[in-house]
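Comments concern the structure below.
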There are 2 protein chains.
Amino acid sequence: MFDVVVVGGGPAGLTAAVYALRRGMKTVVVTPEIGGRVMLAHHVENYPGFISITGPDLVKKMEEQIRKNHPDCDFVMDSVYDVKKVKGFFEILLKSRKKISGKSVIIATGTEDKSLKIKGEREFLGKGVTYCSTCDSPLFRNKVVAVVGGGNSALVGVQEVSPYASKVYLIHRRSEFRGDVVEVERVKKLRNAEFVLDEEVMEVYGDTVVKGLKLKSGKNLKVDGLFIEIGVTPLTQFIKKLGVKVTSQGFVEVNDKQETSVDGVFAAGDITTKNANLLQIVHATSEGAIAGFFASTFVNDL
Amino acid sequence: MFDVVVVGGGPAGLTAAVYALRRGMKTVVVTPEIGGRVMLAHHVENYPGFISITGPDLVKKMEEQIRKNHPDCDFVMDSVYDVKKVKGFFEILLKSRKKISGKSVIIATGTEDKSLKIKGEREFLGKGVTYCSTCDSPLFRNKVVAVVGGGNSALVGVQEVSPYASKVYLIHRRSEFRGDVVEVERVKKLRNAEFVLDEEVMEVYGDTVVKGLKLKSGKNLKVDGLFIEIGVTPLTQFIKKLGVKVTSQGFVEVNDKQETSVDGVFAAGDITTKNANLLQIVHATSEGAIAGFFASTFVNDL
């Protein structure tokens with residue numbers, strides 16, 4: 001029987017484990033792999049303490065920190081298939097059919113970027129194609145870029161890359177935006193932004209790096225970068241069955257202590273409502289710390 | 001005229017600067033020194049990404065990150081004497097009588113630990129005396145320690161050090177606690193905690209490290225460590241004059257965007273109400289990122 005079962009091995013989950021372990025909790029991290037969405041980050045320059053580091057290297061350091069300081073922490077490299085509350089405790093069924101029992105659960109499964117599923121998208125990932133304008137804008141100084149999307153992520157993305165790029169196209173398949181009017185107005189004010197509406201990206205082409213986009217209208221658009229900002233999908237397969245309250249998009253609702261609607265279940269990182277607008281590593285770790293701390297208090301109170 | 005004036009050079013202020021700079025803001029950090037409360041941390045083992053690092057080394061890395069990635073960032077090594085809003089902009093008067101103008105202000109001045117002001121307290125700082133149980137508990141494995149204080153910081157502090165220490169005394173000068181009843185009950189449940197009430201610590205003694213405490217009653221208490229958990233003082237000298245809403249203890253009230261009650265003024269880190277219970281580096285950086293991001297949006301909207 002574990003005190004704290006952390007589901008997810010990205011920055012949120014690993015930090016939650018650190019804070020629980022430091023409070024003397026018998027802790028296990030269940031995750032198919034160390035990392036998560038951070039593994040796609042090629043140059044992290046906005047996580048305090050590192051001039052520039054890759055996402056995989058950063059999360060590796062977080063893992064080493066646990067393995068060195070808390071050799072008693074368990075890691076189970078597996079996915080969670082189901083979680084049930086039985087007599088006040090949690091039974092976690094894994095994909096491998098193994099079972100784990102815990103007094104508390106921290107959900108830190110994160111999100112997956114929605115993809116366009118077009119030719120070249122995967123091939124040029126990190127070579128001009130990115131899913132995070134907050135992270136990667138400074139890499140496109142004096143470049144021509146396109147942002148694709150119709151929600152706030154895309155509209156804010158254009159504002160983030162605008163100070164760097166020489167030109168920013170905002171490509172949206174409709175003529176109206178799903179995002180807030182205030183964000184549309186902010187984009188209109190930018191000196192170097194241009195709307196490309198009722199248009200879709202069909203293919204990304206290039207050589208070693210992105211050179212341009214083939215559009216549905218048949219036109220080609222020469223760009224050095226493509227920001228795909230069409231949202232994220234929360235990874236919540238097992239969560240609904242547990243009865244945890246989620247938004248219509250699937251984000252887990254939490255309070256200031258990272259408590260969910262189910263007693264003993266906490267959530268942290270990209271998966272929560274708190275993070276829905278600014279999915280940054282620095283927020284994931286902060287939420288993880290709070291979740292680990294208060295899950296420990298919860299266990300001590302049992 | 002700066003876009004963003006960050007007041008404070010600890011983890012919150014430096015991260016706020018990073019996020020503002022990345023959005024293309026002309027940014028200045030005003031602070032008497034790089035660092036703050038973090039400078040007192042001898043072994044930071046709960047900041048994700050570092051197995052173990054000193055507070056001064058960590059904050060030095062955060063400073064290097066700005067100087068390397070954003071050589072255009074200004075640093076003014078001075079204290080803020082006064083801030084006035086004049087015609088929609090902010091005039092920041094420094095102790096040196098120099099003036100700075102800004103379109104937005106981020107308050108990240110942090111807090112100072114309250115001290116007992118007793119003999120040995122300063123001498124044994126980092127040699128057994130600490131102000132942060134959340135940070136330093138794991139350093140006292142199998143040691144005898146005392147926590148002093150009567151509020152939640154002290155009561156939670158005992159819970160944090162209890163899994164490590166062989167014995168924890170909770171010394172309080174009254175017989176009733178100012179903290180929550182639920183926290184008092186949690187301490188009562190601990191196997192190794194003992195209340196020492198109506199008692200005060202008059203002196204810390206030792207050789208190279210702490211050996212014990214002289215108490216007001218005349219008794220000596222042999223301990224290896226002393227956690228002084230009598231609260232923190234927010235560093236807010238100039239803030240009240242600016243009209244920013246603060247709590248009765250002086251913490252700045254902020255919303256989810258780190259906005260204060262004054263338009264264009266943001267706050268982040270230990271100084272805010274958000275952080276009042278868990279003053280961790282990881283939360284300071286998270287709040288700093290949000291403040292830097294939304295201060296930039298505020299400036300772009302002007």
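The values are calculated or read from the model by the stated rules, or taken from the named source; none is laboratory data. Here the structure is a predicted model, which means the values were calculated and not measured. Note that each Cβ is placed from the backbone with ideal geometry, even for glycine, and that neighbours are counted across all protein chains shown. Calculation scope for accessible area: heavy atoms of the full protein, side chains included, ligands and nucleic acids excluded. Shrake-Rupley method; radii C 1.70, N 1.55, O 1.52, S 1.80 Å.
Check which residues have an amide H placed less than 5 Å from B:E203's amide H, if you skip close sequence neighbours.
Here B:K214 satisfy the definition.
Over 5 Å intervals from 0, what percent of Cα-Cα pairs in region B:155-302 sits in each interval?
In order of increasing distance, the bins hold 2, 8, 14, 14, 14, 12, 11, 9, 8, 5, 2, 1, 0 percent.
Hey, got the average number of other protein chain Cβ atoms within 10 angstrom for residues in A:282-292?
Other-chain Cβ atoms within 10 Å of each residue's Cβ, averaged: 6.
Once every Cα of region B:89-149 carries one equal point scatterer and solvent is ignored, give the base-10 log of I(q)/I(0) from the Debye formula at q = 0.13, 0.25, 0.26 Å⁻¹, two decimals.
-0.60, -1.17, -1.24
Please report, for A:R191, the nm distances (one decimal) from its label point, 7 Å out from Cα along the beta-carbon direction, to the equivalent points in the remaining copies, shortest first.
Ordered by increasing distance: 6.8 nm.
In Å², rounded to the nearest 100, what is the total accessible surface buried by chains B and A against each other with a 1.4 Å probe?
3900 Å²
Could you tell me what percent of the DSSP beta bridges with both partners in the protein assembly as shown are antiparallel, to the nearest 5?
If we restrict to bridges inside the protein assembly as shown, about 40 percent are antiparallel.
Using the 7 Å Cα-to-Cβ label point, sort the distances from A:G126 to its equivalents in the other copies shortest first and give them in nm to one decimal.
3.9
Using DSSP to define loop residues, name the trypsin sites (Lys or Arg not before Pro) in region B:138-196 whose beta-carbon has at most 15 other beta-carbon atoms within 10 Å.
Those satisfying the criteria are B:R141, B:R173, B:R174, B:R178, B:R191.
Excluding ligands, DNA and RNA, what is the solvent-accessible area per residue of region A:135-251 at a probe of 1.4 Å, expressed in Å²?
Normalised by residue count, the accessible surface of region A:135-251 is 49 Å².
Check chain A for me: any Cys whose beta-carbon has no other cysteine beta-carbon within less than 4.7 Å?
A:C73
Spelling out what I want: for every residue of region A:179-188, take phi, set θ = phi - 60°, compute 6.51 cos²θ - 1.76 cosθ + 1.60 (Karplus), and round to whole Hz; glycine and proline get x.
Running phi through 6.51 cos²θ - 1.76 cosθ + 1.60 with θ = phi - 60° gives x, 5, 4, 4, 6, 4, 5, 4, 5, 4 Hz.
In Å and from the alpha-carbon atoms only, list the Rg and Dmax of region B:217-302.
Just the Cα atoms of region B:217-302 yield Rg and Dmax of 17.2, 64 Å.
Of the listed pairs A:K95/A:K245; B:K188/B:K222; B:K214/B:K241; A:K26/B:K214, which have alpha-carbon separations greater than 32 Å here?
B:K214/B:K241; A:K26/B:K214
Provide the per residue accessible area, probe 1.4 Å, for region B:79-124, rounded to a whole number of square angstrom.
Dividing the accessible area of region B:79-124 by its residue count gives 60 Å².
How large is the direction-averaged shadow of the alpha-carbon convex hull of chain A, in nm²?
So the Cα hull casts an average projection of 16.2 nm².
Pull up the DSSP beta bridges for region A:48-204 and report the antiparallel fraction as a percent, rounded to 5.
Antiparallel: roughly 50 percent of the beta bridges in region A:48-204.
Work out the mean other chain Cβ neighbour count within 10 Å for the residues of B:63-76 and drop it here as an integer.
That average works out to 2.
How many angstrom lie between the C-alpha centres of region B:91-165 and region B:57-83?
22 Å
What do you get for GluC sites (Glu not before Pro) in region B:172-229 restricted to DSSP loop and a cutoff of at most 14 other Cβ within 10 Å of the site's Cβ?
B:E176
How much of the DSSP bridge set in chain A is antiparallel, in percent, rounded to the nearest 5?
Given both bridge residues lie in chain A, the antiparallel proportion sits at roughly 40 percent.
Based on alpha-carbon centroids, what's the gap between region B:6-49 and region B:206-279 in Å, whole number please?
That distance is 17 Å.
Based on the inverse mean of 1/r over its pairs of different Cα atoms, what is the Kirkwood hydrodynamic radius of region B:200-251, in Å?
Kirkwood hydrodynamic radius for region B:200-251: 14.0 Å.
What's the angle, to the nearest 10 degrees (0 to 90), between helix B:281-301's Cα axis and the longest principal axis of chain B?
Roughly 20 degrees between the two axes.
Compute the convex hull volume of the Cα atoms of region B:1-119, divide it by the residue count, and report the result per residue in Å³ as a whole number.
125 Å³
If packing is taken as the average number of other Cβ atoms within 10 Å across a peptide's residues, how do B:64-73, A:283-292 rank, most packed first?
With the highest mean Cβ count within 10 Å placed first, the list reads A:283-292, B:64-73.
Can you compute log10 of I(q)/I(0) for the protein assembly as shown with the Debye formula, treating each Cα as one identical point scatterer, at q = 0.06, 0.07, 0.10 Å⁻¹?
Values returned for q = 0.06, 0.07, 0.10 Å⁻¹ are -0.33, -0.45, -0.90.
In whole percent, how big is the carbon plus sulfur part of the accessible area of the protein assembly as shown, probe 1.4 Å, protein atoms only?
Carbon and sulfur together cover 48 percent of it.
May I ask for the angle, rounded to the nearest 10°, between helix B:152-161 and the longest principal axis of chain B, with both axes built from Cα atoms and the value confined to 0 to 90°?
Orientation of helix B:152-161: about 70 degrees from the principal axis.
Principal axes first, then extents: for the Cα atoms of region B:259-302, list largest minus smallest coordinate on each axis, whole Å, largest first.
34, 19, 8
For region B:141-210, take N as its residue count and report Rg(C-alpha) divided by 2.2 N^0.38 Å.
For region B:141-210, the normalised Cα radius of gyration is 1.08.
Out of the chymotrypsin sites (Phe, Trp or Tyr not before Pro) in region A:168-203, which ones are loop residues according to DSSP with at most 13 other C-beta atoms within 10 Å?
Taking region A:168-203 and a limit of 13 other Cβ atoms within 10 Å, no loop chymotrypsin sites (Phe, Trp or Tyr not before Pro) are found.
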